Structure formats: C-alpha cells, structure tokens
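Here's the structure we're looking at; comments come further down.
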Amino acid sequence: MTQSGERPRRWKAGTTAVLCLCGGLFAVSASNSGGTDLRPGRYTDLASVVRQESADVEALNRRVAELTAEVGALTEGLGDRQVGRITDEIEVLRDPAGLVPRSGPGVVVTLSDAPAEVIATSERDVNLLVVHQQDIQAVVNAMWSAGAEAVTIAGQRIVSTTGIKCEGNAVMLQGVPYGQPYVIEAVGDPDAIQESLAGNRTVRTYRAQAETPDIAIGWSLQVVDEIEAPAYEGLLDMRYAQPKA
C-alpha cells in the first residue's frame, strides 16, 4: 500500500517534468519561428506569393541576361576561328528563334472572361464563361499557321519552347503569371492571320460563344499598322520536353 507522503512527491515530480517539457517545446518553436507566427506561415496571402514569385523570376531573368552578355564578351575576345564560325551560325538563327525584336503591321486579339453580371446571372456551365489555356493556344497556333513573324502574349515574346499554362485566373509564361484580359499580338500579314483565325475550329467556337448573350465571353480583334514584339529573354533550354531522335 502507498504511503500517504509518496503521492504528493510523485505529483510534484510529474508536474516539474511536464513544465520542463513545455519549456523545451516553447524554446524550439521560438527558435524555428524567428519571431513570426508559425501557424499562418508566409503563404496565406496568395496575391503576395504571386507578386513575390514574379519578382524572383524577373530578378533571375535579369541575372541570366547579364551572364549571357558576359559570355558573349568573353567569346568575342577568344579570337578562335572555330568559335567565330559557330558564333556566326548562332547569329543567323537568332531571328527565327525569336531572339531579335520584330515590328510591323499585324493583328491584336484580346480574350477575357464574361462580364461579372453575366457570370452572376447565367445558368450556363461556369466553364463556358472563362478563358481557358486551350483558347489562348488556339489563337496563337492560328497566328503561327498564318506565317506570323512574331507573337506576344501580355507583351511577352512567344517562342517554340514557350509553355502556355493557366493557373487559376492567370496565364503562366516563363514562370510569371499574367491576369486577364489576355492580349495576344501577332506581327504579320493581317489578312492571312484573320483568315487563319476564322478557319480554326476552336476559335470559331469561342467566337460563337462570345456572341451568345448568356455566355458573352470576351473577344476583340483589331488590325493595327505597327506592333512591337520584343526579343525573347527567357530560358532557352528544354528541362522536360526532349526532341525526338
């Protein structure tokens, strides 16, 4: 049988152990948090995350441009005949690869989600009321098919390795999100581009939905005399896709 004096001593020892354990946990939490709240973390504000990621990508692109210029300067200083020949071959390919600015007449297509009042009242499938990546891709592909010299989305040059991917209500280009409306510009023969757009099945379906009152998804096409398409400044290597042998 336990003596009466042992229970208080056990309670006292147990209480001391619990307090020491709690103190250790508090110390570890304080060290890991760095003075911030551990629960909400840094990713609760999606808009802030997007802005930060965009800033990070832009900073990395600037660094890539600086390093590319440095490599170019070092290459020119080598004075090697074989290097010079390869450099000349690369220079010839810069324009078709989208690394040279282009300008001239062309077509501007703007895609946007249905107006807020239509979205609020329409009984249609909500997927019909928003722009999808296949809609953007269809417009870009039609422009390429028409022989466009350069294509941009939100002012960003599109090249053969560019992936067009929608994330929520934004399109991702080179890791940077761009919100609607999605402005797609093509430098080239306006008549040929318009004919190609009119002949694309996905674009035709989209335009028909744009004219349907309870869908009213945004569509605008303008022929302009001068479009400025900047050179592509993103990464050129293919990290996932591999060319077929």
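The values are calculated or read from the model by the stated rules, or taken from the named source; none is laboratory data. This one's a predicted model, so the numbers in the text were calculated from it and none came from an experiment. Note that each Cβ is placed from the backbone with ideal geometry, even for glycine, and that neighbours are counted across all protein chains shown. Calculation scope for accessible area: heavy atoms of the full protein, side chains included, ligands and nucleic acids excluded. Shrake-Rupley method; radii C 1.70, N 1.55, O 1.52, S 1.80 Å.
Couple of notes before you dig in:
- Among residues of region 157-175, those that are under 19 Å from P96 (Cα atoms), crowded, with 18+ Cβ neighbours inside 10 Å and either without any contact (Cβ under 8 Å) to a residue 40 or more places away in the chain or of a type in the set (K, R) (or both), counted: 1
Each row is one residue, and each column tells you yes or no for (1) among the hydroxyl-bearing types (S, T, Y); (2) within 21 Å of the chain's Cα centre (by Cα); (3) closer than 29 Å to D225 by Cβ.
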| position | (1), (2), (3) |
| --- | --- |
| L128 | no, no, no |
| Q134 | no, yes, no |
| N141 | no, yes, yes |
| T152 | yes, yes, yes |
| V171 | no, yes, yes |
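- Matching residues, region 184-200, being open to solvent by 50 Å² or more (accessible area, probe 1.4 Å) and touching a residue at least 24 places away in the same chain (Cβ under 8 Å): D189, Q194, E195, G199
- Region 54-67 residues that are assigned to a helix (DSSP H, G or I), paired with ones that are modelled with pLDDT of 70 or more (beta carbon under 6 Å, 6 or more apart): S54/V176; V57/G175; V57/V176; N61/E233
- Filtered by the rule that a residue be of a type in the set (S, T, N, Q) and either assigned to a loop (DSSP other than H, G, I, E, B) or open to solvent by less than 50 Å² (accessible area, probe 1.4 Å) (or both), region 201-219 gives Q209, T212.
Conditions tested, residue by residue: (1) modelled with pLDDT of 90 or more; (2) under 23 Å from P177 (Cα atoms).
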site: E89; (1), (2): no, no
site: P96; (1), (2): no, no
site: S103; (1), (2): yes, no
site: A120; (1), (2): yes, no
site: R124; (1), (2): yes, no
site: L128; (1), (2): yes, yes
site: Q134; (1), (2): yes, yes
site: M143; (1), (2): yes, yes
site: G147; (1), (2): yes, no
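- Counting residues in region 221-233 that are in a strand (DSSP E or B), under 30 Å from A120 (Cα atoms), open to solvent by less than 60 Å² (accessible area, probe 1.4 Å) and at pLDDT 95 or above gives one or more.
- Subset of region 122-146 (residues that are in contact with an Asp or Glu (Cβ under 8 Å, 6 or more places away or on another chain) and either in a strand (DSSP E or B) or open to solvent by 50 Å² or more (accessible area, probe 1.4 Å) (or both)): E123, R124
- Qualifying residue in region 93-109 (condition: within 21 Å of E228 (Cα to Cα), assigned to a strand (DSSP E or B) and without any contact (Cβ under 8 Å) to a residue 60 or more places away in the chain): no
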